[in-house]
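Inspection log for the structure reproduced underneath, given as structure tokens.
The values are calculated or read from the model by the stated rules, or taken from the named source; none is laboratory data. All values reported here derive from a predicted model rather than from experimental measurement. Quick reminder, even Gly has a Cβ in these numbers, built from the backbone with ideal geometry, and neighbours come from all protein chains shown. The area values use the complete protein model at the heavy-atom level, side chains included, leaving out ligands, DNA and RNA. Shrake-Rupley method; radii C 1.70, N 1.55, O 1.52, S 1.80 Å.
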Amino acid sequence: MIDLRSDTATRPTAGMRRAIAEALVGDEQKREDPSVNALQERVAALLGHEAAIFVPTATMANQIALKLHSRPGDVLIAEDTAHVVIYEYGGAAAHAGLMTLGLAGDRGRLSSEQIRAAAEPSSKGADQQATVLALENTHNSSGGRVWPLGELEDVVATTRELGLAVHLDGARLLNASTALRVAPAEISGRFDTVTICLSKGLGCPLGALLAGSQELMERAWREKHLFGGAMRQAGVVAAAGLYALDHHLELLADDHARARRLAEALAEAGLPIDLDQVETNFVQLDAVKLGLTRSDALARLQQAGVGLSGTIHPSVMRAVTHLDVGDDDIERAAELIPQALRPRVPA
Ligand SMILES: Cc1ncc(COP(=O)(O)O)c(C=O)c1O
């Protein structure tokens with residue numbers, strides 16, 4: 001099957017497996033794992049922050065960050081289809097006691113005006129105060145869309161002026177920096193905390209990092225223990241991360257080019273593709289516009305040997321490019337998808 005369901009579908013490459021096998025390791029809980037320490041330093045520098053901590057998942061990184069910026073009863077402002085709002089099992093409430101105020105976004109983006117209005121103190125005054133804004137870049141639910149730098153700068157400046165902390169769910173930040181052709185730190189350096197994920201475009205089996213100031217990351221260490229995320233010889237995983245930064249980061253541009261190639265080929269074949277949506281490694285396709293239910297469309301595709309997946313939008317499917325998908329797979333998928341979704345003449 002050509003697996004375009006998610007960029008989490010990758011398996012470690014031969015080179016990454018060698019790096020894992022040869023990793024220098026130590027007790028990570030005691031901060032003695034040389035590979036973890038090296039990865040944390042490297043990622044902190046890459047993201048323009050003083051320090052970073054290594055955690056098993058981006059969800060844990062996000063959840064730790066939200067706890068750092070709030071007290072129970074505070075309000076989290078986020079775009080209403082953001083990962084922290086819809087895919088983290090209510091963690092913001094469960095872990096940090098945060099009430100989430102989800103705002104309608106435009107391609108995953110919020111405006112300064114929306115944030116200003118949402119951060120107005122409630123009639124209960126100090127009781128219930130917005131203390132943290134979480135943004136997502138690239139934005140998963142809108143199809144891997146990228147925040148324009150100037151707009152991001154304005155929103156973050158407004159949020160700071162209002163006295164809120166700002167967290168970036170940058171699980172796919174490196175896709176955003178690749179698309180904008182800027183250093184990742186140009187995007188992430190302006191936030192208080194930033195999550196990046198290793199198990200998506202970078203092709204690692206697991207792992208994520210949270211970056212921020214030295215002081216915040218010291219507090220984050222404690223939260224990591226509390227979440228059960230303090231590990232032992234985690235260098236076997238960190239080594240995959242270091243390998244990915246050396247060898248896979250530069251390949252994200254190829255994933256983006258392949259998504260564009262697929263989108264253009266599908267549009268040429270007459271499928272209703274919005275080419276403007278394709279800014280990184282996602283291509284979205286609405287089953288309803290083809291006169292199909294999404295489950296029928298996904299089943300037909302599966303039968304034809306191409307895996308797409310659903311999104312939060314009830315009829316929308318997505319194809320996601322990643323390290324394990326090459327040019328030939330894209331050419332083949334570009335033939336198979338229109339064939340599988342073509343109207344069928346009853347027998
Ligand atoms: C934007 C975003 N944030 C966070 C996550 C969570 O990643 P993980 O599966 O590592 O917890 C995902 C996963 O898809 C994501 O898309």
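Counting pairs of alpha carbon atoms under 8 Å apart in space and at least six apart in sequence, what relative contact order in percent does region 57-126 give?
Details: 80 pairs, mean separation 21.8, N = 70.
So the answer I get is 31 percent.
Could you give the angle, 0 to 90 degrees to the nearest 10, between helix 34-47's Cα long axis and the longest principal axis of the Cα atoms of the chain?
Approximately 80 degrees, to the nearest 10.
When the helices in the chain are scored as -39500 (n - 2.57) per DSSP H run of 4 or longer and the sum is shared across all residues, what 222 nm value do you end up with, to the nearest 500 deg cm²/dmol?
Working: 14 runs with 145 residues, N = 347.
Calculated at 222 nm, the ellipticity per residue is -12500 deg cm²/dmol.
Report the accessible area of Thr13, computed with a 1.4 Å probe over the heavy atoms of all protein chains in place, in Å² rounded to the nearest 10.
Thr13 has an accessible surface of roughly 40 Å² with all protein chains in place.
Tell me the trypsin sites (Lys or Arg not before Pro) within region 193-272 that lie in a loop according to DSSP and have at most 16 other beta-carbon atoms within 10 Å.
Details: sites: Lys200, Arg219, Arg222, Lys224, Arg232, Arg258, Arg260, Arg261; in loops: Lys200, Arg232.
Qualifying residues, ordered by number: Arg232.
Direction-averaged shadow area of the convex hull around the Cα atoms of region 158-206, nm²? If you can, show how the numbers build up before the last one.
Numbers: hull surface 14.8 nm².
Mean orientational projected area (region 158-206, Cα hull): 3.7 nm².
Specify the inter-centroid distance of region 187-232 and region 147-181, based on alpha-carbon positions, in whole Å.
Rounded to whole Å, the Cα centres lie 17 Å apart.
For Gly144, what residues show an amide H to amide H distance below 5 Å, using hydrogens built from the backbone and excluding near sequence neighbours?
Amide H neighbours of Gly144: His139.
Can you tell me how much longer the chain between Gln339 and Arg160 gets when fully stretched, taken as 0.36 nm per residue apart minus their C-alpha distance, in nm with one decimal? Walk me through the numbers on the way to the answer.
Working: separation 179, 0.36 × 179 = 64.44 nm, distance 5.09 nm.
Computed gain between Gln339 and Arg160 is 59.4 nm.
When you count, for each residue, the other Cβ atoms within 10 Å and take the mean per peptide, how do 93-99, 81-87 rank with the highest first?
Values: 93-99: 18.4, 81-87: 20.6.
Going from most to least packed, we get 81-87, 93-99.
Helix 294-304: angle to the longest alpha-carbon principal axis of the chain, degrees 0 to 90, nearest 10?
60 degrees
By average Cβ neighbour count within 10 Å, what is the ranking of 36-43, 160-167 from highest down? Each step should come with its number before you reach the end.
Values: 36-43: 20.8, 160-167: 18.9.
Final packing ranking: 36-43, 160-167.
Comparing Ser70, Ser315, Ser188, which has the greatest mean-square fluctuation in the GNM of the chain with Cα pairs linked when under 10 Å apart?
The residue with the greatest mean-square fluctuation here is Ser315.
On the full set of protein chains, 1.4 Å probe, figure out the accessible area of Asp276 and give it in Å² to the nearest 10.
For Asp276, the solvent-accessible surface is approximately 120 Å².
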